[in-house]
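Q: Here it is, the structure in full.
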Amino acid sequence: MNDVAELATRLDRAQQAGQAIEQLTATTELDVETGYQIQEQVVAQRIRRGERLVGLKMGLTSQAKMAQMGVREVIWGRLTNAMRILDGGTVEVGQYVHPRVEPEVAFLLSGEPGPFGSAVRAVAPALELIDSRYANFRFTLPDVVADNTSAAGFVIGPWCPVPDGLDNLGVLLEVDGRVVETGSTAAILGDPRRAFAQGVHLAARAGVQLEPRWVFLAGAATAAVPLVPGSHVRAVVEGLGAASLKAAP
Ligand code: 0L1
Ligand code: MG
């Protein structure tokens, strides 16, 4: 087994078991390009078990997250149908390592190439559930790319027509009815449409073709918060509505 396949298996097992592992870079020298090769293999293992690719996600789209990682580039990951959580649905916290939730904006893709207007059919408020497979949520850039950019779950609220302005919609993250984070879609690379353009470019470079009805998670509008058993989490995006999930007690 070559290194990429072996490292992907380590991450895949950690995800399936909900058990943290040490960073891959603790024992293996990795660059970002190899991180993406590992990510592809991690997701390929899920697909071999019957999952389907249903979209893409962007990560590190805010200045705050980029500064935290000491990088200036966004990263992207793959979404499968098994990661989809119904709006208002319930998840078991114990199936994850140390899940966190963050409010996002999602796009519904037409599958047509070209500019935003023809490539995107609708927009929705969304929640992303991120879960690093690494101990203490600590990683280098190649580590987190290999770990499919911490993708673990996502909730899509009601699809809406794309409004004219998407670049400064107010965003709230609520836990049990209390606002715990406030932000704006401006935190997503200044405009979620910019995140979309970058995602399309990066995916094309990797030979990934966007399919009709795929979901595109543009990035977080606030910091992520830990998902606590028994809690009810809601992301509210001005003018679009809300997406929510419950954590089982
Ligand atoms: O969706 C995200 O922005 C997560 C990217 C990976 C970094 C993290 O897990 O916070
Ligand atoms: Mg995210």
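Q: What are the residues in segment 11-31 that are in a helix (DSSP H, G or I) and crowded, with 16+ Cβ neighbours inside 10 Å, if any? Let's see the steps before the verdict.
A: Applying the first criterion (in a helix (DSSP H, G or I)) to segment 11-31 yields 11-17, 24-26.
Answer for segment 11-31, where residues must be in a helix (DSSP H, G or I) and crowded, with 16+ Cβ neighbours inside 10 Å: L11, D12, A14, Q15, L24, T25.
Q: Criterion first (closer than 27 Å to P229 by Cβ, within 16 Å of ligand 2 (Cβ to nearest atom), of a type in the set (V, I, T) and in contact with a helix residue (DSSP H, G or I) (Cβ under 8 Å, 6 or more places away or on another chain)) does T80 satisfy it?
A: Values: closer than 27 Å to P229 by Cβ: yes; within 16 Å of ligand 2 (Cβ to nearest atom): yes; of a type in the set (V, I, T): yes; in contact with a helix residue (DSSP H, G or I) (Cβ under 8 Å, 6 or more places away or on another chain): yes.
Yes.
Q: Hey, another quick one. Of all residues in segment 221-236, count the ones that are away from ligand 1 (no atom under 16 Å from the Cβ) and either among the hydrophobic types (A, V, I, L, M, F, W, C) or within 17 Å of the chain's Cα centre (by Cα) (or both). It would help to see each step written out before you state the result.
A: As a first pass, look at segment 221-236 and keep what is away from ligand 1 (no atom under 16 Å from the Cβ): 228-232, 234, 236.
Pick out the ones that are also either among the hydrophobic types (A, V, I, L, M, F, W, C) or within 17 Å of the chain's Cα centre (by Cα) (or both) and you get 228, 234, 236.
Number of matching residues: 3.
Q: So, in segment 223-239, exactly how many residues are touching a helix residue (DSSP H, G or I) at 6+ places or on another chain (Cβ under 7 Å) and among the polar types (S, T, N, Q)?
A: So the count comes out to 0.
Q: When you look at L60, is it on the phi > 0 side of the Ramachandran plot, crowded, with 19+ Cβ neighbours inside 10 Å and in contact (Cβ under 8 Å) with a residue 12 or more places away in the chain, yes or no?
A: Numbers: on the phi > 0 side of the Ramachandran plot: yes; crowded, with 19+ Cβ neighbours inside 10 Å: yes; in contact (Cβ under 8 Å) with a residue 12 or more places away in the chain: yes.
Yes; evaluated as a whole, the condition is true for this residue.
Q: Only residues that are surrounded by 14 or more Cβ atoms within 10 Å (Cβ to Cβ) and assigned to a loop (DSSP other than H, G, I, E, B): list them for segment 229-238, please.
A: Residues of segment 229-238 surrounded by 14 or more Cβ atoms within 10 Å (Cβ to Cβ): 231-238.
If the condition is that a residue be surrounded by 14 or more Cβ atoms within 10 Å (Cβ to Cβ) and assigned to a loop (DSSP other than H, G, I, E, B), then S231, E238 are the ones that fit.
Q: So H98 ticks every box in (1) open to solvent by less than 30 Å² (accessible area, probe 1.4 Å); (2) within 11 Å of ligand 1 (Cβ to nearest atom); (3) of a type outside the set (D, E, K, R) but one. Which box is left unticked?
A: Just one mismatch for H98, condition (1).
Q: Could you check segment 83-116 and list, in sequence order, the residues that are at pLDDT below 95 and either under 17 Å from S231 (Cβ atoms) or in contact with a Leu (Cβ under 7 Å, 6 or more places away or on another chain) (or both)? It would help to see each step written out before you state the result.
A: Filtering segment 83-116 for residues at pLDDT below 95 gives 111-116.
Passing the criteria: only G111.
Q: Within segment 32-46, track down each residue that is closer than 18 Å to G153 by Cβ and either open to solvent by 70 Å² or more (accessible area, probe 1.4 Å) or within 16 Å of ligand 2 (Cβ to nearest atom) (or both).
A: First pass over segment 32-46, keeping only residues closer than 18 Å to G153 by Cβ: 39, 42-43, 45-46.
The answer is Q39, and nothing else.
Q: Next question. With the checklist (1) of a type in the set (S, T, Y); (2) modelled with pLDDT under 95; (3) more than 24 Å from A220 (Cα to Cα) in hand, flag the one item S62 doesn't pass.
A: It is condition (3) that S62 fails.
Residue-wise test of (1) touching an Asp or Glu at 6+ places or on another chain (Cβ under 8 Å); (2) aromatic (F, W, Y); (3) surrounded by fewer than 22 Cβ atoms within 10 Å (Cβ to Cβ).
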{"residue": "L173", "(1), (2), (3)": "yes, no, no"}
{"residue": "P192", "(1), (2), (3)": "yes, no, no"}
{"residue": "G199", "(1), (2), (3)": "no, no, no"}
{"residue": "V208", "(1), (2), (3)": "no, no, yes"}
{"residue": "F216", "(1), (2), (3)": "no, yes, no"}
{"residue": "P226", "(1), (2), (3)": "no, no, yes"}
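Q: Among the residues of segment 192-220, count how many are over 20 Å from P161 (Cα atoms) and either outside any loop (DSSP other than H, G, I, E, B) or within 15 Å of the chain's Cα centre (by Cα) (or both).
A: Number of matching residues: 9.
Q: Same structure, new question: List pairs: first in segment 100-126 and among the aromatic types (F, W, Y), second assigned to a strand (DSSP E or B), Cβ under 7 Å, 6+ apart or cross-chain?
A: F107/V120; F107/V123; F107/F216; F107/A218
The values are calculated or read from the model by the stated rules, or taken from the named source; none is laboratory data. Model, not experiment: these values are computed from the prediction. Virtual Cβ from ideal backbone geometry, glycine too; neighbours counted across all protein chains shown. Note: areas computed on protein heavy atoms with side chains; ligands, DNA, RNA excluded. Shrake-Rupley method; radii C 1.70, N 1.55, O 1.52, S 1.80 Å.
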